[in-house]
Amino acid sequence: MEVFVQMKVLVTGSSGLIGSEAVAYYDSQGHHVVGVDNNMRAEFFGSQGDTLWNLGRLRKTTSNFEHRSIDIRDRHSLFDLFKSISFDLVIHCAAQPSHDKACQIPILDFEVNAMGTVNLLEATRQFCPDAVFIHMSTNKVYGDAPNEVPRTELEKRFDYANPEDYHGISEECRIDRCLHSLFGASKTAADVVAQEYGRYFGMKVGIFRGGCLTGPSHSGVELHGFLSYLVKVAMAGGTYKVFGYQGKQVRDNIHSYDVIQAFEAFRQNPRPGEVYNLGGGRENSVSILETFDLVKDLSGRKVDWVYVDKNRIGDHICYISDLRKLKSHFPGWTITRSLTDILEEMIKAEIDRLAVVI
């Protein structure tokens, strides 16, 4: 019989989508979870990005969770936290997450994404070097290099033209000599530093390059959170803006639950400095136009939209995460929530939220 050992888990960005899912999961498993989140998302995106509602939900539904309002740029406060608690697992999700917003706040973006990550890695190295460290990176580290993959244009989406690219973008895609957006550049810096702490210091650091991570706890806004924001606009009867590519740009979507299960698979069998692409894969890929159709089919709500004939800088035209490396290293992990499952859950959550507001 396996003996339960309570872990001390740190989650940064604990009121965000992936952070809150991590808090809920590890709390439900009986572990002591400390969440670090100072609601900078509200500063980045205004009231729509405010995550205090999610913090309130966590406080009501968890048993072993404590919240700390710490800015990850504040090295002294972070180090004091690490001195007081020896963590077994660090899940780093806090970030400035928008490549559109980053050009307006380049210094703040770099301080949060790059320096904040270094602060956490160094705190872990100094005070709990045996801890597993999960770094939530992004597919934006590839910049616009994925756009060089030959494509074909279909009625409502782009897709890869060659059979060898069917599974999508792998970890072999280059991360330099391309246009990233400043957000992509700051996250690339954090990604490479996290790898270095794993490889150079032998720390149990795993880097997960997320595609479209989503779920009902996402505080999606126009500048970040494609699926969440689209559902919010549709349910509220607003108008969605499509930026370029005829609305045929493709993303693969993964539910936050499946993200945490990938983290847990790594925790159980860590590979220092390893990098993984993490998304919904081909089965959960969808274009914006196809999403409009799905939302209408599932909710009965037609999405009103307008077209802006200018794509976002560095935007991916067709991005599907190649999950074969992740699945080969952790064969027990798989996608459990289909695209339809994800949308149904998000639609219900948004309808429930609107009912409370009304």
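Any residue at all in the stretch 42-53 that's closer than 29 Å to Gln268 by Cβ and of a type in the set (A, V, I, L, M, F, W, C)? No, the stretch 42-53 contains no residue that is closer than 29 Å to Gln268 by Cβ and of a type in the set (A, V, I, L, M, F, W, C).
Out of all the residues in the stretch 30-40, which are within 13 Å of Gly19 (Cα to Cα) and open to solvent by less than 50 Å² (accessible area, probe 1.4 Å)? Selection gives Val33, Val34, Gly35, Val36, Asp37, Asn39. Here the condition is being out of contact with any Ser or Thr (no Cβ under 6 Å at 6 or more places or on another chain) and modelled with pLDDT of 95 or more; of Val308, Val231, Val303, Val221, it holds for Val308 alone. In the set Val132, Val192, Val149, Val205, only one residue is of a type in the set (A, V, I, L, M, F, W, C) and under 20 Å from Ala102 (Cα atoms); that residue is Val192. Every listed requirement among (1) at pLDDT 95 or above; (2) over 22 Å from the mean Cα position of the chain (by Cα); (3) of a type in the set (A, V, I, L, M, F, W, C) is met by Ile335 save one, (2).
All told, Gly16 meets the bar of being out of contact with any Phe, Trp or Tyr (no Cβ under 7 Å at 6 or more places or on another chain) and within 13 Å of Ser217 (Cα to Cα).
In the condition set (1) at pLDDT below 95; (2) of a type in the set (A, V, I, L, M); (3) in contact with a strand residue (DSSP E or B) (Cβ under 9 Å, 6 or more places away or on another chain); (4) closer than 24 Å to Glu111 by Cβ, Ala190 is compliant with all but (1). Report whether or not Glu155 is part of a helix (DSSP H, G or I), more than 30 Å from Leu89 (Cα to Cα) and at pLDDT 95 or above. Spelling it out, it is not the case that Glu155 is part of a helix (DSSP H, G or I), more than 30 Å from Leu89 (Cα to Cα) and at pLDDT 95 or above. Taking the criterion of being outside any helix (DSSP H, G or I) and at pLDDT 95 or above, would at least one residue in the stretch 338-347 satisfy it? So far as the stretch 338-347 goes, yes, one or more of its residues are outside any helix (DSSP H, G or I) and at pLDDT 95 or above. Of all residues in the stretch 213-247, those satisfying the criterion of being open to solvent by 30 Å² or more (accessible area, probe 1.4 Å) and closer than 19 Å to Lys156 by Cα are Phe226, Lys241, Phe243, Tyr245, Gln246.
Scanning the stretch 311-332 for residues that are open to solvent by 50 Å² or more (accessible area, probe 1.4 Å) and either modelled with pLDDT of 95 or more or acidic (Asp, Glu) (or both) yields Arg324, Lys325, Lys327, Ser328, Pro331, Gly332. Taking every residue in the stretch 188-214 that is touching a residue at least 24 places away in the same chain (Cβ under 8 Å) and under 28 Å from Ser228 (Cα atoms) and pairing it with any residue that is acidic (Asp, Glu) and outside any strand (DSSP E or B), at least 6 positions away or on another chain, the pairs with Cβ-Cβ distances below 9 Å are Thr188/Asp176; Ile207/Asp191; Arg209/Glu171; Arg209/Asp191.
Per the listing Asp80, Asp100, Asp88, the residue uniquely modelled with pLDDT of 95 or more, touching an Asp or Glu at 6+ places or on another chain (Cβ under 9 Å) and acidic (Asp, Glu) is Asp88.
Kindly indicate whether any position in the stretch 68-81 is among the polar types (S, T, N, Q) and touching a residue at least 60 places away in the same chain (Cβ under 8 Å). Checked the stretch 68-81: no residue is among the polar types (S, T, N, Q) and touching a residue at least 60 places away in the same chain (Cβ under 8 Å). If the condition is being of a type in the set (Phe, Trp, Tyr) and assigned to a strand (DSSP E or B), then the stretch 207-231 contributes only Phe208.
The values are calculated or read from the model by the stated rules, or taken from the named source; none is laboratory data. Since this is a predicted model, take the numbers as computed values, not measurements. So basically every Cβ, Gly included, is an ideal-geometry build from the backbone, and we count neighbours across all protein chains shown. Calculation scope for accessible area: heavy atoms of the full protein, side chains included, ligands and nucleic acids excluded. Shrake-Rupley method; radii C 1.70, N 1.55, O 1.52, S 1.80 Å.
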